[in-house]
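Colleague: What follows is a single structure, and I will ask about it in a moment.
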Amino acid sequence: MPETNKELVKELLERGIDKVYPSKEELEKALLSGRRLRIYLGADATGPHLHFGHATNFLTLKRLQQLGHEIIFLIGDFTSQIGDPTDKASARQPLTRQQIKANFKTFKKQAAKFIKFGWGGAKVRFNSSWLGEMSFADVVRLAQNFTVQQMIQRDMFQERIKADKPIGLHEFLYPLMQGYDSVAMDVDLEVGGTDQTFNMLVGRDLQKKYKNKEKFVLTTKLLVNPATDKKLMNKSEGGLINLDDSPEDIFGKVMAIDDAGMFALAEFSTEMPMAEIAKLKEQVEGGMNPRDAKFKIAAAAVELLYGVEGAKQAQENFVKIFSEHDKPTDIPMKQLAGAPRQLVDLLVEVELAPSKSEARRLIEQGAVKIDDVKKTDPTENIKIDGEILLQVGKRHFLRLSRP
């Protein structure tokens with residue numbers, strides 16, 4: 001076995017990894033045995049974006065693919081309709097098939113930043129292929145493999161019981177469905193965050209019962225702020241960095257992360273060498289401004305998805321906007337025809353706000369400017385004569401003109 005493979009396996013089993021079932025030693029032996037393992041990572045299509053919390057898993061898959069193993073990226077188009085109860089204080093609202101289809105449309109493109117698809121590369125599969133074909137009798141037989149007592153052991157269910165909150169019967173089915181994915185694809189290893197441990201171990205049990213086969217489970221650490229123990233990639237907390245964000249957005253969002261969480265992002269979700277991360281930690285502890293360390297981490301985050309040139313351009317734009325109070329040199333242009341429209345509608349139309357409510361909030365908070373003039377009235381009619389410069393926040397610029 002080449003020495004480079006041993007080094008890659010060592011990094012694979014240490015960087016961003018929490019636990020391996022049954023053990024790291026057993027998985028290491030399997031990875032170095034010369035046997036090609038079938039490995040999968042699943043993602044439910046509950047939203048259109050994957051984020052930097054997912055990058056930890058994709059980087060793990062990238063290393064496994066470099067070792068020559070078979071990779072499957074599973075889209076949970078069926079399980080998305082049930083809703084994963086993990087970390088949820090209440091049942092998820094079910095999604096329609098149309099919503100799910102729209103959400104996973106860009107998943108492969110985002111995953112392709114890390115792993116290779118196509119001939120001889122990773123495969124994309126959808127669990128509706130087998131779960132959608134199961135009869136009610138099949139589901140009953142599947143459910144016979146577990147007890148209510150086993151399901152109720154889940155922490156979030158215990159918390160709901162204590163809080164006198166309901167648990168939907170369908171929520172017991174979710175780990176069974178995810179677990180059956182392992183059987184249907186006959187996998188050797190499943191990769192996922194620590195929040196998925198219960199579901200992945202259900203798959204390990206089912207693989208043993210159905211196939212008499214040991215399935216490895218590799219859990220990755222979640223991106224959390226060690227000072228608060230809250231997830232860094234949390235939409236409700238305002239810290240979400242998507243894998244399809246622009247280089248400038250990624251750079252700026254990393255710079256906005258709390259200092260205490262920046263090294264977790266560097267270690268788990270970038271390819272910055274561990275020796276360099278250790279050196280930065282030492283320098284910060286020795287008195288270096290944490291902002292200087294974060295600047296390098298932000299560059300590594302952009303480089304992961306957009307390469308060296310993308311990181312360089314994002315750095316330059318960040319310095320222009322925040323340090324020199326200047327505007328970026330490559331402001332995109334969009335042409336708009338038609339009658340004047342209200343500012344709140346304009347922001348949504350040009351995709352500088354995801355919804356009218358968010359557009360209204362941005363305007364009322366003074367985050368919107370037209371030709372450097374702050375606009376605070378969401379209902380103001382904006383007429384495009386000639387060319388205007390629209391700015392939202394400190395990073396988003398768009399030139400608008402008539403056709």
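Colleague: Only sites in a loop by DSSP and with at most 15 other Cβ atoms within 10 Å count here; which trypsin sites (Lys or Arg not before Pro) in segment 148-234 make the cut?
Modeller: K213, K230
Colleague: Give the relative contact order (percent, whole number) for the chain; include only Cα pairs under 8 Å separated by 6+ residues.
Modeller: 14
Colleague: For the chain, find the longest principal axis of its Cα atoms and tell me its angle to the long axis of helix 169-185, 0 to 90°, nearest 10.
Modeller: With rounding to tens, the tilt is 80 degrees.
Colleague: Here's a follow-up. Rounded to the nearest 500, what is the chain's calculated 222 nm mean residue ellipticity when only DSSP H runs of at least 4 contribute -39500 (n - 2.57) each, over all residues?
Modeller: -13500 deg cm²/dmol
Colleague: Suppose every K and R has +1 on its Cβ and every D and E has -1 on its Cβ; what is the size of the dipole of the chain about the Cα centre, in Debye to the nearest 20?
Modeller: 860
Colleague: Still on this structure, I have one more. Mind jotting down the distance between the C-alpha centroids of segment 274-316 and segment 182-248, whole Å?
Modeller: First find each Cα centre; the distance between them is then 26 Å.
Colleague: Could you grab the relative contact order for segment 235-323? Cα pairs under 8 Å, six or more apart, rounded to a whole percent.
Modeller: 37
Colleague: Express the relative contact order of segment 205-354 as a whole percentage, based on alpha carbon pairs under 8 Å and six or more residues apart in sequence.
Modeller: 18
Colleague: Moving on to the next point. Taking square-rooted eigenvalues a ≥ b ≥ c of the alpha carbon gyration tensor, is segment 150-241 rounded, prolate or oblate, where a/c under 1.5 means rounded and, failing that, a/b exceeding b/c means prolate?
Modeller: The shape class here is oblate.
Colleague: Next up: Please identify, among L27, L201, L142, the residue showing maximal mean-square fluctuation in a Gaussian network model of the chain using a 10 angstrom Cα cutoff.
Modeller: Most flexible of the set in this elastic network: L142.
Colleague: Could I ask something else about it? Take the alpha carbon gyration tensor of segment 184-343, find the square roots of its eigenvalues, order them as a ≥ b ≥ c, and report rounded if a/c is under 1.5; if not, report prolate when a/b exceeds b/c, else oblate.
Modeller: It is oblate, given that a/c is not under 1.5 and a/b is not larger than b/c.
Colleague: Can you tell me which of 389-397, 50-58 comes out highest on packing, and rank the rest after it, using the mean Cβ neighbours within 10 Å?
Modeller: Order by mean packing, descending: 50-58, 389-397.
Colleague: Then there's this: HN-Hα J couplings of segment 366-374 from phi, Karplus 6.51/-1.76/1.60, θ = phi - 60°, integer Hz, Gly and Pro as x?
Modeller: x, 8, 10, 10, 10, 6, 6, 9, 5
Colleague: Could you sort out which of K10/K296; K113/K375; K6/K281; K62/K356 sit more than 30 Å apart by Cα distance in this structure?
Modeller: In this structure, K113/K375; K62/K356 lie more than 30 Å apart at Cα.
Colleague: Another question about this same structure. Specify, per residue and in Å³, the volume enclosed by the convex hull of the alpha carbon atoms belonging to segment 235-323.
Modeller: 92
Colleague: Quick one: helix 274-285 against the long Cα principal axis of the chain, what's the angle to the nearest 10°, folded into 0 to 90?
Modeller: Between helix and principal axis, roughly 60 degrees.
Colleague: Can you find, among A143, A163, M288, the residue sitting farthest towards the positive end of the charge dipole of the chain, where Lys and Arg contribute +1 and Asp and Glu -1 at Cβ?
Modeller: The residue sitting most towards the positive pole is A143.
Colleague: Could you state the angle between the C-alpha long axis of helix 197-211 and the longest principal axis of the C-alpha atoms of the chain, as a value from 0 to 90 degrees rounded to the nearest 10?
Modeller: Taking the Cα atoms of the chain, the angle to 197-211 is about 40 degrees.
Colleague: Under 10 Å, Cα contacts only: if you run a Gaussian network model on the chain, which one of V368, V302, V140 comes out with the highest mean-square fluctuation?
Modeller: Result: V140 has the largest fluctuation of those listed.
Colleague: Using only the Cα atoms of the chain, construct the convex hull and provide its projected area averaged over every direction, in square nanometres to one decimal.
Modeller: Its average projected convex-hull area is 23.8 nm².
Colleague: OK, next. Could you list the GluC sites (Glu not before Pro) in segment 254-319 that lie in coil according to DSSP, counting only those with at most 12 other Cβ atoms within 10 Å of their Cβ?
Modeller: Loop-located and lightly packed - none at all.
Colleague: Moving on to the next point. Lysines within cross-link reach of K162: Cα-Cα under 29 Å, excluding same-chain residues under 8 positions apart?
Modeller: Partners within reach: K19, K88, K221, K230, K231, K235.
Bear in mind these aren't lab numbers, they're just calculated from the coordinates by the rules spelled out. Here the structure is a predicted model, which means the values were calculated and not measured. Cβ coordinates were reconstructed from backbone atoms using ideal geometry, including for glycine residues, and neighbour counts include every protein chain displayed.
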